[in-house]
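Down below is the structure, laid out as structure tokens.
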Amino acid sequence: MTAVPQRAYLGTRKGLFQFDVDAAGAWQLALVQFAGDPVSMLLHDGRDGALYAALNLGHFGAKLHRLDAGASAWQEVAVPAYPAKPEGSSDTVDWTLRQIWSLAAGGADQPGVLWAGTLPGGLFRSSDRGDSWQLVESLWNAPQRAQWFGGGYDVPGIHSICVDPRDSAKVLVGVSCGGVWQTVDGGASWALSATGMRADYMPPELDENEAVQDPHRIVRSAGAPDALWCQHHNGIWRSRDAGWHWEEVTTAPLSHFGFAVAVHPRDGDTAWFVPAQADVLRIPLDGALAVTRTRDGGKTFEVLRDGLPQRHCYDLVYRHGLALADDGRSLLMASTTGGAWYSSDEGEHWQTISAHLPPVYAVCFSTP
């Protein structure tokens, strides 16, 4: 049986906050690291226990740090680096790393392999735990990249990386705004796989163009890897065939708009979402924060509110602001206005673990 998590990390606008469970079973703030620095992304690598924290230091650039299991000191490692743009290139994107927007571990058979999604849209691979990185040129050089454009930022970005646990050579990535892409050969070649998605922000004749879709976040069930869920700019989609085709889910209550999604690690029909008002407001509906959950593949949903603020609430949960532990029951959620909540029972009840954090970009569970 998978253990209940005892440690959580929250990457915020002003540092990395570590929360631990105390002897009484309550979550307590235990440590603040990188104080004052924006922490844009986190990864706990379950293969070796290492924790990675990506920093976005503005004028000083992006940085990446690794904390090895059992260690007390962080080690700065390499960051992805773009090659020089060829002279005469018509590409309007600046070939410079702006931010590490996603991190993912390779398969269990690939110790040391990491993937990093970045702004302005490059995917990078490391084979040595982040000590060096290589641009995945096959995706960067795809002709369709010329159609990509900014979604959450003013340049395209890769925010979701899903490695197939059955075959580490199969990787799916989500791009805002550039659709869904898959490789079946470890990154040697790529194919669009956003069939079924719809972009209402495009002219009608282009709304099904796979290369301009805006998937806000994509997650894969580790124990049922053919099941993927997507919170898209224009709704909720799910896939039953490993992400090659997508079906729109129209039964979600409150709103079809949002950013975060989590899927059960063993039951691909169970997923959680955090609805928000589309499109300009981006706040909870009626000032009341809620999580929605489906347990039957999107046929029906439940609205979960117990313990969440229900009056004058303006919390938005970003793409990486919702995490589900390997036990399939423990959820961690944090917002742009510094609220953080934990649920031990699949979202039925929530407890506030902090209401005064800086804006939260990413959360993850870890092991002490």
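The values are calculated or read from the model by the stated rules, or taken from the named source; none is laboratory data. Bear in mind that the values here come from a model prediction, so they are computed numbers and not experimental data. Heads up, the Cβs are rebuilt from the backbone with ideal geometry, glycines too, and the neighbour counts pull from every protein chain shown.
Scanning for something aliphatic (A, V, I, L, M), in contact with a strand residue (DSSP E or B) (Cβ under 6 Å, 6 or more places away or on another chain) and closer than 24 Å to Ala276 by Cα, does region 233-251 turn up at least one residue?
Yes, the conditions are met somewhere in region 233-251.
Here are Leu254, Leu281: which of them is closer than 26 Å to Ser354 by Cβ, modelled with pLDDT under 95 and either polar (S, T, N, Q) or not in a strand (DSSP E or B) (or both)?
Leu281
Among residues belonging to region 204-243 that are of a type in the set (Gly, Ala, Ser) and part of a strand (DSSP E or B), point out the one that is surrounded by the most Cβ atoms within 10 Å (Cβ to Cβ).
Ser239
Might you check whether a residue that is under 18 Å from Ser40 (Cβ atoms), surrounded by fewer than 24 Cβ atoms within 10 Å (Cβ to Cβ) and over 17 Å from the mean Cα position of the chain (by Cα) occurs anywhere in region 312-321?
Looking for residues that are under 18 Å from Ser40 (Cβ atoms), surrounded by fewer than 24 Cβ atoms within 10 Å (Cβ to Cβ) and over 17 Å from the mean Cα position of the chain (by Cα), one finds none in region 312-321, hence no.
Tell me, which strands (runs of 3 or more DSSP E) lie completely within region 38-79 with 1 or more residues that are within 16 Å of Tyr9 (Cβ to Cβ)?
Those strands (runs of 3 or more DSSP E) span 39-44, 51-56, 62-67.
Conditions tested, residue by residue: (1) surrounded by 14 or more Cβ atoms within 10 Å (Cβ to Cβ); (2) in contact with a strand residue (DSSP E or B) (Cβ under 8 Å, 6 or more places away or on another chain).
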position: Ala23; (1), (2): no, no
position: Gly36; (1), (2): no, yes
position: Leu43; (1), (2): yes, yes
position: Leu51; (1), (2): yes, yes
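Rundown of residues vs (1) in contact (Cβ under 8 Å) with a residue 24 or more places away in the chain; (2) part of a loop (DSSP other than H, G, I, E, B), yes/no style:
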residue: Ala146; (1), (2): yes, no
residue: Gly150; (1), (2): yes, yes
residue: Ser168; (1), (2): yes, yes
residue: Leu172; (1), (2): yes, no
residue: Val175; (1), (2): yes, no
residue: Val180; (1), (2): yes, no
residue: Gly186; (1), (2): no, yes
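Checking Gly298 against (1) outside any loop (DSSP other than H, G, I, E, B); (2) over 23 Å from Thr2 (Cβ atoms); (3) not hydrophobic (A, V, I, L, M, F, W, C): exactly one of these is not met. Which one?
Result: Gly298 fails condition (1) only.
When both residues are 6+ apart or on different chains and their Cβ atoms are under 9 Å apart, which pairs have a first residue that lies in region 100-113 and is within 15 Å of Leu43 (Cβ to Cβ), and a second that is modelled with pLDDT under 95 and outside any strand (DSSP E or B)?
Trp101/Gly152; Trp101/Tyr153
Where the second residue is of a type in the set (S, T, N, Q) and assigned to a loop (DSSP other than H, G, I, E, B) and the first is at pLDDT 95 or above and lies in region 213-225, which pairs have Cβ atoms under 9 Å and are six or more apart or on separate chains?
The qualifying pairs are Gln213/Asn234; Asp214/Asn234; Ser221/Thr270.
From the list Val261, Val280, Val249, which one is out of contact with any Leu (no Cβ under 6 Å at 6 or more places or on another chain), among the β-branched types (Val, Ile, Thr) and buried (at least 24 other Cβ atoms within 10 Å of the Cβ)?
Val261
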